[in-house]
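A short write-up of the structure that comes next.
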Amino acid sequence: MWLTNSSVGRKVVMSVTGLFLILFLTFHTLMNAVALFGFKYYEAICEFLGANWYALVGTAILAGGFVLHIIFAFWLTFQNRKARGNDRYEESAKPASVEWASQNMLVLGIIVLCFMGLHLCQFWAKMQLPEIMGEHPQSGTDALALAFGNWWTLPIYLVGFCALWFHITHGFWSAFQTIGTANEKWICRFKCIGWWWATIVMGLFAIEAIYFTLHFNNIINC
Amino acid sequence: MENAISFNIKVWRQAGPKEQGRFEVYQMQDIPTDTSFLEMLDILNEQLIEQGKEPIAFDHDCREGICGMCSLYINGHPHGPATGATTCQLYMRRFHDGETITVEPWRSAAFPVIRDLMVNRNAFDQIQQAGGYVSFNTGGAQDANALPISKVDADEAMDSASCIGCGACVAACKNGSAMLFVSAKVSQFALLPQGKPEAARRVKAMLQKMDELGFGNCTNTGACAAECPKQIKLSNISRLNREYICAKLAD
Amino acid sequence: MEENIKPVIDSRIPEGPVAEKWTNYKAHQKLVNPANKRRLDIIVVGTGLAGASAAATLGEMGFNVLNFCIQDSPRRAHSIAAQGGINAAKNYQNDGDSVYRLFYDTVKGGDYRAREANVYRLAEVSNNIIDQCVAQGVPFAREYGGLLANRSFGGAQVSRTFYAKGQTGQQLLLGAYSSLNRQIAAGKVKSYNRYEMHELVIIDGRARGIIARNLVTGKLERFAAHAVVIATGGYGNTYFLSTNAMGCNVSAAMACYRHGAYFANPAYVQIHPTCIPVHGDKQSKLTLMSESLRNDGRIWVPKDIEDAKKLQKGEIKGSDIPEEKRDYYLERRYPAFGNLVPRDVASRAAKERCDKGYGVNNTGKAVFLDFSEAINRLGIDVIRQRYGNLFDMYEEITDVNPGEQASEIDGVKYYNPMMIYPAIHYTMGGIWVDYELQTSIKGLFAIGECNFSDHGANRLGASALMQGLADGYFVLPYTIQNYLSDQITVPHFTTDGPEFDEAEKRVQANLDHLMSIQGKRSVDSIHKELGHIMWDYVGMARTKESLETALKKLRDLREEFENNLFVPGSKEGMNIELDKAFRLRDFITMGELIAYDALNRNESCGGHFREEYQTPEGEAKRDDENYFYVACWKYEGTDEKAPSLIKEPLHYEAIKVQTRNYKS
């Protein structure tokens, strides 16, 4: 199977799963944004995405994407370190055009993974998981209140968003490069689109997180 | 105009592929700045020979930036700090009085060190042998002008074909990937009608060989293109991916 | 005139008019059938244009080929550095070109010292080369209409040069290398990289193998074959400083020479007019700026000696001198060809000006190559598109950008001129071969720059690539079959015969000797001294006295080499100094050979200029009465003894021999 036994194939898996995850993040932030207009709307969406068959299928696919993305990331990194050989350079300099993020994707990914673990505990484990187990789930708003009522949630989330931003600014154009859609002009365009996309999505997430924190700590009330 | 600098040079010495390597520091006095980097190493070697020591082994041949033989990793850059130039095109005016210059061999599992700064780049030949050609026998060609080729494509193919096979891309890549090298050859043929009939076979064979030889996976950091002495573009890699994916999907 | 000379060697030129010889030859030569080709082994030493194309083509035909190169990959051979282009008589530009005209220009450019039949064949197959290379995917420059572009080159009045940016040699070599790779993958060619041929093995009077040293392990290895082809390039590095690559050497050719292969016309050494001038005594190599620059660049020195003196002192720059005070001496002396005169003429003219005191750099050994006129006419963008990479290369080396405006005098913009000076570039002489490219040793063939055959006393620009590929793709693969056709019953050789034993012992003894001298001088220091002797006494302008001095100095240098050489390290494993020492011994012998030939040839022609033989205007004066022959030098048993001369008379049927004229 070329997707696993060729370097380009493995990268295609990373690329497609990565793009899929970016798409998911985009929907995620848009749904969260609904809460900015009123928690009753947010509840409606939570209701809609409960443990229905379509939501479960979606979650399964999503989880699959995540797992593949993560497994392949470690696999590729392991191979790449091996390819580098045993002796490291005494001195190495990063060319100006090389993005910092591109050389630290695994580290950024691990930060994101940790953040995701926390996030799943705070929300998924209290909302969809109990429903699957046949127990009574928490309401979306309650989960938000519980999570963002803690003072430490926001800084951790911001760090996570930051890591995601770096991860996506490189991952976005890199994905298009890997699936062979780029050329000299489109590399620049994809980089630009990726930058804006990451900034808007992560910006929105950050705004939401800050809003929830302020709201559930009763600092603002609207 | 006659300027001269003095500096320390820290050079990787390794007696053989299986031996333990180490750095040695040498002092260089009053080297004219219009000396090329390799001429500076010649001077150092003459000094070592005078002391009855063995000179530093390094690859070099044409000394005009085209044979691709020279392969030194200088101060953290393959081919040194100049852009678009090979080691042999690097002149001492790029360096400062009193500095320490670090010189290392290419470091990659696929390019084992032979001695000192000399590495074995046979893997590149093997990749080319896997498919870097158009299959036809001498004498079987039609008239050269019977096949018009758009100037744009021909120029782009020429840019890709400028690769000198020095291995700086692999040396620069944190993943030890040879994608820029492979993509340059694949692109040259993919852009020209002569290469089309066996394009799918070529890209699959070359890529398979590249993977087999232990080069890393490309993560699009772009260090290869940034350090390439012939400024081979990163878009070649995308073309290689495209060619490969299409070839595989067509199977 | 040729009646004076009694022919003693057979150049095997086919019968018939010059235009039909090659066709006739091919129609009547003996061939080897496909089943028998599989039984025959051929050694090809060298992977430049000639070597790689020959190895690939012989492999395609079905022979078993063993291919050697000293570099880490066949792609590194020095053909890769050829910049300008490759000639062919396609007449795509409709400017009156033809096979005959290319043939004529080449013979005339070679100062009527080439073999007519060989040159005609070269011109004939030139068109096939372009077809071949395009089919291989060589990205030649093209017009917007999609057809191939051409440019003009020195010594021709038509545009017949095909090019791939300033990297034509690279692209052609990579084309040949790709064909070679295909054969390596197919198992028809075995490639030996980082191997150097040290000795030829002769069995019963025929070349049957070589002893080569693995440059990584230091071990001597034996290889046997039915025929041996050497494609090991020229001997320019005898002069230490040249445009040749550092590794270019003459040892393989010298091994053949010592076994009795004649060495022809060694005095014909090409000095390229457009190199970056020497800048110091630490320099290891000279950099060529492509001859194509002469298409748009104009060569000049100041008219006024005072201006020259100021330039030499660094008080003014070239761009400070206005148009009317510039002496475009090539345009002045040779109005018809101007800056595009052949290389030998341009080089001598530069030397003449510098000798008169008009040199423009601190050493007084440089002239200007100026693009101001072309940039003002066409714009910097057009010029950069044409020569951008050469400008960059020049700037990297000298810190001066020729595309940068430096002054404006009386409304005329002047750009930084390049400084150039002639340097050793190519060697027309080489191992003597007959029409079939076979040397005077049976079964030993020589192709490319390594042989002497096609360029006479001077090579035109863009003809070296043509000759290398012609020999490798289209000539040798045919002619070698004529030799091999009666070898089909000879079984594969083993390498344990007494001839191999002895050859290996000779090489080992030589290596042992080099290691045992343990004197005081490094290889490079002696090589540099050799270079000085050669450049000063056997260089661009030679005299009887200078050549005799050279021979004496070379004898002393050999003494010094034999008694005071120091090679560090050991015989085992890699030893780069030992590699160089081995080559230097042969360079010294080669230097003597050049001097002997130059001393013998009492005339000036092409790359060989004897000051005693010139016209009052300083042009070369040939002596067709007495020197209308190929000088073949035969080894006399030891390096110390002078070689003996055998003459191959030249016969011209198609071309009338006359004085070269580039004035009108």
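Mean residue ellipticity at 222 nm, helices only, chain B: -10500 deg cm²/dmol; runs of at least 4 DSSP H residues each add -39,500 (n - 2.57), and the sum is divided by the number of residues. For the stretch C:590-604, the Karplus equation 6.51 cos²θ - 1.76 cosθ + 1.60, evaluated at θ = phi - 60°, returns couplings of 5, x, 5, 4, 4, 5, 4, 5, 5, 6, 6, 8, 7, 6, 10 Hz by residue, with Gly and Pro reported as x.
Note on the protein assembly as shown: with charges restricted to the Cβ of Lys and Arg (+1) and Asp and Glu (-1), its dipole about the Cα centre is near 1920 debye. What's the FRET efficiency of residue C:95 with residue A:125 using the Cβ-Cβ distance as r and R₀ = 51 Å, to the nearest 0.05? Taking R0 as 51 Å, the efficiency between residue C:95 and residue A:125 is 0.05. Toward the positive end of the charge dipole of the stretch B:109-251, with +1 on the Cβ of Lys and Arg and -1 on the Cβ of Asp and Glu, the farthest Cα among B:197, B:147, B:109 is that of B:109. Per DSSP helix of 4 or more residues, -39500 (n - 2.57); summed, then divided by the residues of chain A. What does that give at 222 nm, rounded to the nearest 500? Computed mean residue ellipticity for chain A: -25500 deg cm²/dmol. Listed by Cβ neighbour count within 10 Å, with the fewest neighbours leading, C:32, A:13 appear as A:13, C:32.
The spread of Cα positions in the stretch B:39-157, taken along each principal axis and listed from longest to shortest, comes to 61, 29, 26 Å. Amide H contacts of residue C:327: C:301, C:303, each under 5 Å away and 5 or more positions distant or on a separate chain (H built 1.01 Å from N in the peptide plane; Pro and chain starts excluded). Under the criterion of Cα pairs below 8 Å and six or more residues apart, the relative contact order for chain C equals 21 percent.
The phi-based Karplus calculation (6.51 cos²θ - 1.76 cosθ + 1.60; θ = phi - 60°) puts the 3J(HN,Hα) values of the stretch C:276-286 at 6, x, 5, 10, x, 7, 8, 5, 10, 6, 9 Hz, whole numbers, x for Gly and Pro. Extension gain, residue C:661-residue C:489: 0.36 nm per intervening residue step, less the Cα-Cα distance, totals 56.6 nm. Comparing the stretch C:47-107 with the 2.2 N^0.38 Å rule of thumb, its C-alpha radius of gyration ratio is 1.54 (two decimals).
As a proxy for reagent exposure, ranking C:316, A:168 by other Cβ atoms within 10 Å from fewest up yields C:316, A:168. Amide H contacts of residue C:565: C:519, C:520, C:521, each under 5 Å away and 5 or more positions distant or on a separate chain (H built 1.01 Å from N in the peptide plane; Pro and chain starts excluded).
Globularity index of the protein assembly as shown is 1.04 (Cα radius of gyration / 2.2 N^0.38 Å, N = number of residues). Between the listed residues C:547, C:364, C:491, the Cα displaced farthest toward the positive end of the dipole of the protein assembly as shown, a dipole computed from Cβ unit charges relative to the Cα centre, is found at C:491. Expressed as a whole percent, the proportion of Cα-Cα pairs in the stretch C:273-423 lying more than 26 Å apart is 17%. Applying Stokes-Einstein at 37 °C and 0.692 mPa s to the Kirkwood radius of chain C, computed over alpha-carbon pairs, gives a translational diffusion coefficient of 130 µm² s⁻¹. By the helix-only formula, in which each DSSP H run with n ≥ 4 contributes -39500 (n - 2.57) and the sum is divided by residues, chain C has a 222 nm mean residue ellipticity of -11000 deg cm²/dmol.
Directionally averaged projected area (the stretch B:121-250, Cα convex hull): 8.2 nm².
Set the Cα radius of gyration of the stretch C:160-214 against 2.2 N^0.38 Å, with N its number of residues, and you get 1.63. Counting neighbouring Cβ atoms within 10 Å and putting the fewest first, the residues A:133, C:246 line up as A:133, C:246. Could you tell me which of the pairs A:94/B:10; B:174/C:571; C:356/C:656; B:196/C:30; C:303/C:553 are separated by over 28 angstrom between their Cα atoms in the structure shown? Too far apart for the 28 Å limit: B:174/C:571; C:356/C:656; B:196/C:30; C:303/C:553.
Each of C:118, C:477, C:286 was placed along the dipole of chain C (beta-carbon charges, centred on the mean Cα), and the one lying farthest toward the positive end is C:477. Model label points for residue C:545 and residue C:400, set 7 angstrom from Cα along the Cα-to-Cβ axis, are 3.4 nm apart. Taking θ as phi - 60° and the Karplus parameters 6.51, -1.76 and 1.60, the scalar couplings of the stretch C:111-123 work out to 6, 6, 10, 8, 8, 3, 4, 5, 5, 5, 4, 4, 5 Hz in sequence order, x denoting glycine and proline.
Close amide-amide hydrogen proximity is noted between residue C:190 and C:65, C:66, C:67, each under 5 Å apart and 5 or more residues distant or on a separate chain (H modeled in the peptide plane; Pro and chain starts excluded).
Every number here is computed from the coordinates shown, using simple stated rules; none is lab data. A quick note: this is a predicted structure, and the numbers were derived from the prediction, not measured. We place every Cβ from the backbone using ideal geometry, glycine too, and count neighbours over all the protein chains shown.
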